[in-house]
Amino acid sequence: MQKTIKGSEQLGKKIKKRREELNLTIEEAASRANVGTKTWYRYESGESIRQDKCRGICKALNWRILPEQDETDSKMLIQEYKDHSNWSTYLEEQFGDYASLSFAVGSDILYDYIREDMEALSSLPVGAHIGQLDVSWMKDSLPPQFLMHYDYEFLYHMFCTLQCIIQNAKSGAPIIAHSVMEELIIYLCNEEGIVFIEMDGEVDDEEFQRDDLEEWVFDLFDDIDIITFLYSNIFLDKDHAYHFSHWHDLQFYVKNQNDDYE
């Protein structure tokens, strides 16, 4: 049985107002959300919304989550994620419950975001990138310097790498970033997870701050280079280790000839 988000007149008005702010017709919004126009009319009338349709509505309206989403439904989701197949016992043991929770939630979200952008790019000519999409979940998350490199092939490689990391999480194997791509994926998983957890109210603001939730990632990497070089408006030349051309190179925690990690 599909779970539903309880509708309300106020929520319906917010959906309509947001659509109008984006200058979308009902037909355009419905198309973006992959639902029929009659269904969209019901949303704006304040009727209940199937939970599996929420992501489409958010995509159409450039929202991360529906405003005033029913707190009980949200709490149920968090509890479900604690038993999620992406839960990493390695992260739990090394960095605590919140690290594993944010990864489990975030990896699920990132998985969907990459797939949706891949699907959108598949209808465009070869070489098209996510900056050319009307709606892209990944465009604002990836480092802006290399926007024109984020084509279908790149997303496919990212998707495959994410699945490998998820498989390690499921098996309880160590999660280690050997490349910039792996660092980036783990970082983005955590960022998406943090947003979800904060909006859910699972974190006590007096006890935890965003910096606390991010700290485990930088402990895992043993530095904050991903922020310093990819998200700080620093131009990187092609010789730099964090330049796009080196994202797939195995650079970190790689054994040398003496079986020591570099």
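Every number in this text was worked out from the coordinates using simple rules, so none of it is lab data. These numbers come from a predicted model, not from an experiment. Every residue, glycine among them, receives a Cβ derived from its backbone with ideal geometry; neighbour counts consider all protein chains shown.
For this structure, a couple of remarks:
- The distance between label points at residue 246 and residue 93 comes to 3.3 nm (points 7 Å beyond Cα on the Cα→Cβ vector).
- Near residue 5, the amide H atoms lying under 5 Å from its own belong to 49, 50, 51; only residues 5 or more places off or on other chains count, and H is placed 1.01 Å from N.
- Separation of the alpha carbons by more than 26 angstrom is noted, of 13/139; 16/53; 59/170, for 13/139; 59/170.
- 236, 110 arranged by Cβ crowding within 10 Å, fewest neighbours leading: 236, 110
- Neighbour-count order for 54, 189, 164, fewest beta carbons within 10 angstrom listed first: 164, 54, 189
- Rounded to whole numbers, the Karplus 3J(HN,Hα) couplings from phi for region 160-170 are 5, 5, 4, 5, 5, 5, 4, 4, 4, 4, 4 Hz, using 6.51 cos²θ - 1.76 cosθ + 1.60 with θ = phi - 60°, and x at Gly and Pro.
- When 157, 248 are arranged by Cβ crowding within 10 Å, least crowded first, meaning fewest neighbours, the order is 157, 248.
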